[in-house]
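Taking it in order: structure first as structure tokens, then the write-up.
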Amino acid sequence: MHSELAGIVQRSRRIVFFGGAGVSTESGIPDFRSAGGLYAREYGGLTPEMILSKSFFYLHPEQFFDFYRKHMVFPDACPNAAHETLCRWEQEDKLRGIVTQNIDGLHKRAGNKRVYEIHGTVHENFCLDCNAFFPLKTIMEAQGIPRCPHCGGVIKPSVVLYGEAPDKYVCIGARREISQADTLIVAGTSLSVEPAASFLDSFSGKNLVVINRTPTPADRKANLVIRGNIAEEMKTES
């Protein structure tokens, strides 16, 4: 682990981790917003933002799910060293919460319990008609539009689409944890997506650490800025 980061962690009692896509790249999940990434392309004249919108989901569900299965879901991805370190910190009661913009569910798969998934998760899906719950497997194995076996309704992933607001109570919990933290580690995010990026305004603790390959708006306020691979910088000896 980065030596300065290790020292801050050792002195901290209430760490909160705020992470973005860069946290999961070492697990084989691409950073969609990077140059040449998914969001920089067009698909038949449509941008990914158009396809991943609430209106497109309801108007063209078959096209939505075709794109979603091909480009947004990585069922074989496994937690990397950063996820494992965060789980260890939670077990030691140093980490009080993870606020993530990722929908891959890797923090929970690594074993963390205190996870605030601002943009939802691919692992939770529900019927729009009867509200029955379904795992990711149901979405991946369905042909075309996944439908509820109980009532025939369309099954929707519990991910926040463009045009939808994040869950109110998840956001409240995330802001509360950040406001009570003595150390906030911001990693793998350009802080360009709202409202998640504004959550940092709630932090008034002692240590702000930024780990990112490129500059972020939080750099000027940070006690420590690390440019590098997140998994490598956070890796600890087992």
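The values are calculated or read from the model by the stated rules, or taken from the named source; none is laboratory data. Fair warning: this is a prediction, and the values are worked out from it, not measured in the lab. No Cβ is skipped: glycine too gets one built from the backbone with ideal geometry, and neighbour counts run over all protein chains shown. Surface areas here come from the heavy atoms of the whole protein model, side chains and all, with no ligands, DNA or RNA. Shrake-Rupley method; radii C 1.70, N 1.55, O 1.52, S 1.80 Å.
Taking amide H positions as modeled 1.01 Å from N, with prolines and chain starts lacking one, the residues under 5 Å from residue 125 and 5 or more places away or on another chain are 134, 158.
Hey, in the GNM for the chain with a 10 angstrom Cα cutoff, which one of 199, 17, 133 fluctuates hardest? The residue with the greatest mean-square fluctuation here is 133.
For the residues 165, 77, 197, a GNM of the chain with alpha-carbon springs under 10 Å puts the largest fluctuation on 165. As a length-normalised measure over Cα pairs under 8 Å and 6 or more apart, the relative contact order of the stretch 78-188 settles at 22 percent. Centroid-to-centroid, using Cα positions, the stretch 70-114 and the stretch 121-180 are 18 Å apart. Here is the link list: 70/221; 94/137; 54/137; 70/108. Which ones come out longer than 32 Å on Cα distance? From 70/221; 94/137; 54/137; 70/108, over 32 Å: 70/221; 94/137. Looking at the stretch 1-151, what % of the alpha carbon pairs are farther apart than 20 Å? Pairs farther apart than 20 Å: 57 percent. Entry note, the stretch 106-166: relative contact order of 36 percent, from Cα contacts under 8 Å with a spacing of 6+ residues.
For residue 95, the residues whose modelled amide H falls within less than 5 Å of its own, excluding neighbours fewer than 5 places apart on the same chain, are 15, 90. Working from Cα pairs under 8 Å separated by at least six residues, relative contact order for the chain is 25 percent.
Applying both filters, DSSP loop and at most 14 other Cβ atoms within 10 Å, to the GluC sites (Glu not before Pro) of the stretch 171-238 gives 237. Size of the stretch 117-175: Rg and Dmax of its alpha carbons, in Å, are 12.5, 39.
Accessible surface area normalised per residue over the chain is 49 Å², counting heavy atoms of protein chains with a 1.4 Å rolling probe. Taking θ as phi - 60° and the Karplus parameters 6.51, -1.76 and 1.60, the scalar couplings of the stretch 15-31 work out to 8, 10, 10, 10, x, x, 4, x, 5, 9, 5, 6, 9, x, 9, x, 7 Hz in sequence order, x denoting glycine and proline.
Note on the chain: with a GNM built from Cα contacts shorter than 10 Å, the maximum mean-square fluctuation among 149, 61, 217 falls on 149.
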